[in-house]
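Student: So that we are looking at the same thing, I have put the structure below in structure tokens.
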Amino acid sequence: MVRKKTRSKALWIGFGSFIGMIILILGIIGGNKYMTYQKEKQKQLAKDHALYKHGFRLLEEQLATYIKEHYEGVRKIEFSPIFEDGGDGYSMHTLDIVLAIHDNYGNRAVMKRKINESFGLSEGLSLDFDGVGKEVIELKKYDSNEVIDVSGYEHLPENAKLSSYHFFDELMGILVQTDQLKGIQKSNNGSPDAEVVYNLDIKRGDYTKWR
């Protein structure tokens, strides 16, 4: 009887060790899969952010160039961070910027109205990857409704410049009419010496809170 009990106990110990080894192996496999998933996720996030920064750099340059070439009396153009919002399964993924205009009288006004217009995926910019993972960046020309592929450019190409932009002109007109800005008017003289502060920081949050 003693031998049978000892043998049974040994079998249970051996079986328990076997189960423990299986659990350890599964844990290692699961851990490796999780680490691989996290690395791939971080890699994709870095790729997405590089696309965002590339696209918004060109959009900001398009807007700044339009102001400098078509508006007189602008001292400084200042861009907000790139605000990323939504994409959580409950709301649409958005990427937006707004900008502030400084005049020569010390006034600074953020270019948005009560309904909080912005620039980005909803206005003027398209971002994507093609079938082989290459960046696809398109800017809209509102003066002609053309869509210009600027994927291969680090700086705004000549054919993506704007000669007119009604939506922008309307916003600028409101800032001037409400005395938020002074001495600024549409003119071919432009403001060639205006300072431009580009901003490619990416922030999670609501762009309407930027001041």
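Student: Tell me which chymotrypsin sites (Phe, Trp or Tyr not before Pro) from the stretch 74-182 have a DSSP coil assignment and no more than 10 other beta carbons within 10 Å of their own.
Tutor: Tyr90
Student: Considering the Cα positions of the stretch 56-209, please state its Rg to one decimal place and its Dmax as a whole number of Å.
Tutor: When restricted to the Cα atoms of the stretch 56-209, Rg and Dmax are 15.7, 51 Å.
Student: Which pairs in the list Lys140/Lys186; Lys112/Lys141; Lys112/Lys203; Lys47/Lys112; Lys53/Lys182; Lys76/Lys112 are over 27 Å apart, alpha-carbon to alpha-carbon?
Tutor: Violating the 27 Å limit, Cα to Cα: Lys47/Lys112; Lys53/Lys182.
Student: Could you list the GluC sites (Glu not before Pro) in the stretch 96-155 that lie in coil according to DSSP, counting only those with at most 12 other Cβ atoms within 10 Å of their Cβ?
Tutor: Sites meeting the loop and neighbour criteria: Glu154.
Every number in this text was worked out from the coordinates using simple rules, so none of it is lab data. If you're wondering where the values come from, they're calculated on a predicted model, not measured in any experiment. Here Cβ is always computed from backbone atoms with ideal geometry, including for glycine, and neighbour counts include all displayed protein chains.
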